[in-house]
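What follows is one structure encoded as structure tokens, with my remarks underneath.
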Amino acid sequence: MPLWLGPTASGKSDAALALAERLGFEIVSIDSAQVYRALDIGTAKPDVATRARVRHHLIDLIDPDATYSIARFAVDCRAVLEDIEARGRRALVVGGTMMYADLLLHGMSAVPPTDSAVRAAVAAEAAERGLSAMHEVLARVDPALAARLPPTDRQRILRGIEVHRMTGRPLSALQGQRRALIPDVRFRPLVWWPADRAWLHARCALRLDAMWRAGFVEEVRAVRERFALTFEHPALRAVGYRQILEGLLAGEDEATMKARALYATRQLAKRQITWLRSLADATDAMSVDCMRADALAQVEAWLMRLPDGR
């Protein structure tokens, strides 16, 4: 099954839309920000007209005051892919959230999802005993993990204890075990990236300009007020949203907010390219320079060579 990966602002969404429409694919988004309703402008979410042309999945799943975990992504993605297959259609998986791509390519961790009752009990114990004592608890049940974590890393310390109490096994041992999301489906990666980093930086700036004109700042303000969001909500960790909200709260001018949002966008692109480079070096991924005039033709030819389009 084709898995089209690329950095932000590289044009992969528009290119994928053109080919999906021409070749009869449905698009399955692997974008951790587009799952949130009302986060439209800053996520470059396809609009209603675009979704009328080509069916899109895993978009607008939850409100931004909720949390979308990788465990839920695994369940939702599998259900969508099986539904597309059952209807005799073809899926084109597209996006830039590399955590999701890693799950599709290398399988799901054996680590169980959070149990709210166990988590609450561990958190209550931490509140009573203190984080230093909880780090000592972790060192007894999972010394390998405890050795990697500073005694101030509350989230990971408590998660390690939580997993041990749920499974009786160390989290560090479970993290290396993986199982395929869909056992009989092989995801075939397409790495879509530019030969010139400066080209991508320029595109990041142009896209942010367009978002600003479309009302990005107003969208952040409205979403925060409507859902009473804070920085603890994962939705506001999305690039651009966090920088704008920080700016609004600090009374910054829009030029300053925009400069910080652009810097964060370019840093995201850098991290994505680093991950994609390791993928291209380690697998038989198809690599396409998205700056080339024939880039779309290369992808189309690659898609047509896949067995049964999968």
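The values are calculated or read from the model by the stated rules, or taken from the named source; none is laboratory data. Owing to the predicted nature of the structure, the values given are computational and were not obtained by experimental measurement. All Cβ positions, even for glycine, are placed from backbone atoms using ideal geometry, and neighbour counts span all protein chains on display.
Quick look at the values:
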{"read-out": "Within region 29-72, considering residues that are touching a residue at least 40 places away in the same chain (Cβ under 8 Å), in contact with a helix residue (DSSP H, G or I) (Cβ under 6 Å, 6 or more places away or on another chain) and not in a loop (DSSP other than H, G, I, E, B), the one farthest from Gln243 (Cα to Cα)", "value": "Ile30"}
{"read-out": "Qualifying residue in region 174-193 (condition: free of Cβ contacts under 8 Å to residues at least 12 places away in the same chain and either among the polar types (S, T, N, Q) or farther than 30 Å from Glu82 by Cβ (or both))", "value": "no"}
{"read-out": "Criterion: over 14 Å from the mean Cα position of the chain (by Cα), modelled with pLDDT of 95 or more and surrounded by fewer than 17 Cβ atoms within 10 Å (Cβ to Cβ) - qualifying residue of Ile41, Ile62, Ile27", "value": "Ile62"}
{"read-out": "Any chance Ser116 is surrounded by fewer than 15 Cβ atoms within 10 Å (Cβ to Cβ) and at pLDDT below 95", "value": "yes"}
{"read-out": "Members of region 135-184 that are over 21 Å from the mean Cα position of the chain (by Cα) and within 30 Å of Ala16 (Cα to Cα)", "value": "Pro183, Asp184"}
{"read-out": "Which numbered condition Ala126 fails, given (1) buried (at least 16 other Cβ atoms within 10 Å of the Cβ); (2) in the same structural domain as Ser278 (by TED's automatic domain parsing); (3) farther than 25 Å from Glu300 by Cα; (4) not polar (S, T, N, Q)", "value": "(2)"}
{"read-out": "Candidate set: region 207-254, residues that are more than 24 Å from Asp65 (Cβ to Cβ) and touching a residue at least 40 places away in the same chain (Cβ under 8 Å); chosen: the one surrounded by the most Cβ atoms within 10 Å (Cβ to Cβ)", "value": "Leu208"}
